[in-house]
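The values are calculated or read from the model by the stated rules, or taken from the named source; none is laboratory data. Given the structure is predicted, the values throughout are model-derived calculations rather than measurements. Cβ coordinates were reconstructed from backbone atoms using ideal geometry, including for glycine residues, and neighbour counts include every protein chain displayed.
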Amino acid sequence: MDTTLTYFRKSAFSRDALVYAGDLDTQPAEGTLPSPVYYLDVGSRHINLCRNATQVTSPLLACKQHGMLGRSATIRGDITSSAHRNGAFSNAWTFVYMAEEFKWSIARWSNRWTLVDGRGNTVAGFERASFRASKIGTLSIMPGHPEHLVWLIVLTCELVHRTVKSSERAAHGS
């Protein structure tokens, strides 16, 4: 069975995200169940994947973007990885786990992104929420992947989301 995770903005004006287990339509009220399984601390040049908002100083994974346009990134934690954008005008990213490349593919004019491994097998899919104030979208990860790879998928999905949002803002001149 797939692992399904739903991303919500922490608050209306926050870049940070809360990630909950399951396919949720609305964000649970703070202090109620279910609790978020991950917290994404998002800055202008970093994304930290944490178990919760109180563990920001000791993230599971810390992603730092490099270069003037942030086209590459290093990811550190229990594992070390790298990521890069797939092209000059691409919103998609590729990352490495255990010497294997994983690539996020983003179909034009679609709210659906797909992650494939080096053999072309689908590993995960993300369905971006449309016209929702707080819901970012839902990530489905195929079963049988190690925890560190799941962490990388959760973090790089947010990296792709940030890149897409930045491209949309640039296209609309805001």
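Structure notes:
- Number of residues in the range 86-127 that are exposed (fewer than 15 other Cβ atoms within 10 Å of the Cβ) and farther than 22 Å from His148 by Cα: the value is 9.
- Total residues in the range 1-34, condition surrounded by fewer than 12 Cβ atoms within 10 Å (Cβ to Cβ) and under 14 Å from the mean Cα position of the chain (by Cα): 0
- Residue list for the range 117-156, filter: within 14 Å of Val19 (Cβ to Cβ), hydroxyl-bearing (Ser, Thr, Tyr) and over 12 Å from the mean Cα position of the chain (by Cα): Ser134
- Subset tally (residues that are touching a helix residue (DSSP H, G or I) at 6+ places or on another chain (Cβ under 6 Å) and either assigned to a loop (DSSP other than H, G, I, E, B) or not hydrophobic (A, V, I, L, M, F, W, C) (or both)) for the range 41-73: 1
- Qualifying residue in the range 147-166 (condition: in contact with a Leu (Cβ under 6 Å, 6 or more places away or on another chain), at pLDDT 85 or above, of a type outside the set (A, V, I, L, M) and in a strand (DSSP E or B)): no
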